[in-house]
Amino acid sequence: MTLSIGKNPAREGVKLEDEEYVKVGTEVGFDAKKIVKMWNAVARLALHARLPKDKDDHIPDYGDKDEIRVKVLEVVAELERLAKGTMTFSGIGMEVSFDCSCGTTNKRREKLLREKQHIHCINPDCKNTWMVTRDGDEFAFESVTANIDCDNCGATNLIPWRFFWEMKYDQHGTFSCHTCRHKNVVAWRLALARKNPPMDGESEN
Ligand SMILES: [Zn+2]
Ligand SMILES: [Zn+2]
């Protein structure tokens, strides 16, 4: 079976089977007819108004809540079953986007974002990494930088950490200070990982 997404939103008078579809993936065990049947049932119950059959036929403003609930739960169960399949459903769902400082808009599926996860900017020329923080439904993206004071003027420069992660231990990196344009040189340094902090009066070096 092939899963496809309709090119057009559902419209009155057009059968779902007759719609034009765009292929998004393939999965064994996906029953399109079942989804269409469920969609029609939910639509009939909750989404569409109907015309009264006769003058005594009372049309409620809303569909029957319990009936709708039962149908919706059935749909949720089916979608959850499908989501467990081999096909990744990353193409379906809420999307979160943010603008990197390089100007590139990054988009991610909300479901795939984890707290404290690091996201690299999609621009291949950009070294920015962003850390995900979540507060309820709100996502925030914080740049992951090393804060280095300029050797010449002391201004703090925020350098993307990825710039250093990609640097070999025997390599030198340089960056120009955003304030005075001084060319600063950086290198990885081996340090003793001490078990205890240095004693009073003992030099750090
Ligand atoms: Zn970027
Ligand atoms: Zn400077």
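Computed values, structure above
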quantity	calculated
For region 96-102, 3J(HN,Hα) per residue [Karplus equation, 6.51 cos²θ - 1.76 cosθ + 1.60, θ = phi - 60°, Hz, x = Gly/Pro]	10, 10, 8, 9, 6, 5, 7
Low-density loop positions, trypsin sites (Lys or Arg not before Pro), region 86-184 - DSSP coil, at most 12 other Cβ in 10 Å	Arg114, Lys116, Lys168, Arg181
Order by protection proxy (mean Cβ within 10 Å, highest first), peptides 141-149, 73-81	141-149, 73-81
Computed FRET value (nearest 0.05) for Asp135 with Leu158, which takes r as the C-beta separation and R₀ as 22 Å	0.45
Using alpha carbons only: equivalent-ellipsoid semi-axes of region 145-187, gyration tensor based, whole Å	18, 11, 7
Where labels lie 7 Å past Cα in the beta-carbon direction, separation of Glu78 and Lys34 in nm	0.8 nm
Kirkwood-Stokes translational diffusion coefficient of region 95-143, alpha-carbon pairs, 4 °C, 1.567 mPa s, µm²/s	119 µm²/s
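Bear in mind that the values in this text are calculations on the coordinates, not laboratory data. Quick caveat: nothing in here was measured; it's all calculated off a predicted structure. Don't worry about glycine lacking a Cβ; one is built from the backbone with ideal geometry, like all the others, and counts go over all protein chains shown.
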